[in-house]
Amino acid sequence: MVRIEPSWKEQLQEEFGKPYFAELTQFVRQEYASGTCYPPGRLIFNAFDTTPFDQVRVVILGQDPYHGPGQAHGLCFSVQDGTQFPPSLQNIFKEIQAETGAPIPASGNLTRWARQGVFLLNTCLTVREHQAFSHSGHGWETFTDAAIAALNRGREHLVFMLWGAPAGRKAALIDSTRHLILTSAHPSPLSAMRGFMGNGHFLKCNEYLQAHGQKPILW
């Protein structure tokens with residue numbers, strides 16, 4: 001039985017009954033039993049549990065969880081309190097500061113965003129310690145695509161922030177006449193200066209939300 005917030009469980013009920021999900025569940029259980037994986041098991045669905053389906057206003061899409069100790073807790077780009085900011089998160093905060101003047105926060109824990117309706121989804125929800133992409137290709141991508149498709153279908157006027165080529169390909173799942181799609185380079189140091197820095201996404205997001213009668217996100 002998958003433990004996940006009820007509104008998301010209703011939206012994704014069909015996925016839980018499909019053969020790929022049974023295989024994925026078996027794979028993840030074996031991985032966690034045989035070595036260290038992230039995030040902690042109880043936080044695998046943290047993005048879903050913190051931001052219920054009807055409360056989503058913005059979607060930020062990551063790739064797979066951080067794979068170092070004490071970092072990942074089920075929200076993309078976010079780290080647990082007291083953990084040093086990874087380079088991608090540093091660049092996200094720098095861009096927010098450049099756009100809004102907000103100071104760099106003391107903590108990289110983005111739960112404060114998730115509770116405002118920012119759905120912080122990784123395309124792959126688990127990873128083996130120190131091995132990026134080690135759980136990709138086992139079914140998580142199918143599941144998270146279903147979550148994006150459900151939001152596209154069941155909600156109106158969402159903002160999708162898609163950073164980097166893998167995230168950008170998810171635009172095919174989204175109706176751009178009903179939602180705002182923002183794409184740019186990824187905030188990692190390898191690509192941030194090639195289009196992430198200066199993309200204006202955080203202000204554009206809030207302008208769109210306000211234009212559709214919603215509160216802006218306090219970044």
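The values are calculated or read from the model by the stated rules, or taken from the named source; none is laboratory data. Computed from a predicted model, the values in this text were never measured in an experiment. Methodologically, a virtual Cβ is constructed for each residue, glycine included, from the backbone with ideal geometry; neighbour enumeration extends over all protein chains shown. Remember, those area values only see protein heavy atoms, side chains included, never the ligands or the DNA or RNA. Shrake-Rupley method; radii C 1.70, N 1.55, O 1.52, S 1.80 Å.
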Matching residues in the stretch 156-174 (outside any strand (DSSP E or B) and open to solvent by less than 50 Å² (accessible area, probe 1.4 Å)) number 7
Quick check on this structure: which one of LEU75, LEU89, LEU61 is in contact with a strand residue (DSSP E or B) (Cβ under 9 Å, 6 or more places away or on another chain) and either modelled with pLDDT under 95 or not in a loop (DSSP other than H, G, I, E, B) (or both)? LEU61
Identify, from the list PHE119, PHE133, the residue that is open to solvent by 60 Å² or more (accessible area, probe 1.4 Å) and aromatic (Phe, Trp, Tyr). PHE133
Can you name the residue in the stretch 183-204 that is of a type in the set (A, V, I, L, M) and over 15 Å from ILE96 (Cα atoms) and is also most open to solvent (accessible area, probe 1.4 Å) among such residues? LEU190
State all residues of the stretch 126-153 that are in contact (Cβ under 8 Å) with a residue 60 or more places away in the chain, assigned to a helix (DSSP H, G or I) and either in contact with a helix residue (DSSP H, G or I) (Cβ under 7 Å, 6 or more places away or on another chain) or over 27 Å from PRO6 (Cβ atoms) (or both); if no residue qualifies, say none. TRP140, THR142, PHE143, ALA146, ILE148, ALA150
Reported set for the stretch 64-89 where residues are among the small types (Gly, Ala, Ser), open to solvent by less than 10 Å² (accessible area, probe 1.4 Å) and over 15 Å from PHE133 (Cα atoms) is SER78
Can you name every residue in the stretch 20-40 that is open to solvent by 50 Å² or more (accessible area, probe 1.4 Å) and either closer than 15 Å to VAL2 by Cβ or in contact with a Gly (Cβ under 9 Å, 6 or more places away or on another chain) (or both)? ALA22, GLU23, GLN26, ARG29, TYR32
Suppose the filter is modelled with pLDDT under 95, of a type outside the set (Lys, Arg) and more than 21 Å from LEU190 (Cβ to Cβ); does PRO105 pass it? no
Matching residues in the stretch 90-111 - criterion: being open to solvent by 50 Å² or more (accessible area, probe 1.4 Å) and touching a residue at least 24 places away in the same chain (Cβ under 8 Å): LYS94, ALA98, THR100
